[in-house]
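The values are calculated or read from the model by the stated rules, or taken from the named source; none is laboratory data. Bear in mind the structure is a predicted one, so any value in this text is a computation, not a measurement. Every residue, glycine among them, receives a Cβ derived from its backbone with ideal geometry; neighbour counts consider all protein chains shown. All accessible areas refer to the heavy atoms of the entire protein, side chains included, with ligands and DNA or RNA removed. Shrake-Rupley method; radii C 1.70, N 1.55, O 1.52, S 1.80 Å.
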Amino acid sequence: MPLIQTLSTQLTHPSFHIVLINTAETEDTIFSFLSATAPQLHTLLDEDGQASEAWAPRGLPSTYFVDPQGVIRYLALGGRPWDTAEYQNFIKSLLKQSPPKIKR
């Protein structure tokens with residue numbers, strides 16, 4: 001979480017937003033954890049399991065990069081050093097890509 005928080009402050013782009021979704025802990029546990037490790041991040045609770053069912057994470061943490069059209073552009077299972085130049089450049093390259101054409 002500290003790396004995600006660092007990323008959120010280092011990488012600013014109008015199309016880049018970080019959304020945390022917790023699937024297991026209580027609101028009190030999440031608040032205590034984030035206040036100690038990443039106080040600027042906020043999380044949503046998947047209390048009814050709908051997010052877990054829809055996204056079907058295969059491991060925790062699961063990180064999804066989703067474009068404005070709702071297309072998953074990248075999935076990372078497990079932690080990553082998101083605050084490094086390598087990963088920030090990768091994310092910037094995703095932000096520069098044109099969204100895929102959706103056939104109707």
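Overview of values
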item: Cβ-Cβ under 6 Å pairs, at least 6 apart or on other chains, the stretch 46-57 side at negative phi, far side of a type in the set (D, E, K, R); result: S52/D46
item: Hits in the stretch 2-26 - residues which are among the aliphatic types (A, V, I, L, M) and open to solvent by 40 Å² or more (accessible area, probe 1.4 Å); result: L3, I18, V19, I21, A24
item: Hey, T29 more than 27 Å from L94 (Cα to Cα), of a type in the set (V, I, T) and either surrounded by fewer than 14 Cβ atoms within 10 Å (Cβ to Cβ) or touching a residue at least 12 places away in the same chain (Cβ under 8 Å) (or both) or not; result: yes
item: Options I91, I21; residue that is of a type in the set (A, V, I, L, M, F, W, C), touching a strand residue (DSSP E or B) at 6+ places or on another chain (Cβ under 9 Å) and in a helix (DSSP H, G or I); result: I91
item: Residue tally, condition assigned to a loop (DSSP other than H, G, I, E, B) and β-branched (V, I, T), over the stretch 60-73; result: 1
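Residues are listed down the side, and each one gets a yes or a no for (1) touching a His at 6+ places or on another chain (Cβ under 8 Å); (2) aliphatic (A, V, I, L, M); (3) open to solvent by 80 Å² or more (accessible area, probe 1.4 Å); (4) assigned to a helix (DSSP H, G or I):
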site: S35; (1), (2), (3), (4): no, no, no, yes
site: Q40; (1), (2), (3), (4): no, no, yes, no
site: E47; (1), (2), (3), (4): no, no, yes, no
site: R58; (1), (2), (3), (4): no, no, yes, no
site: L75; (1), (2), (3), (4): no, yes, no, no
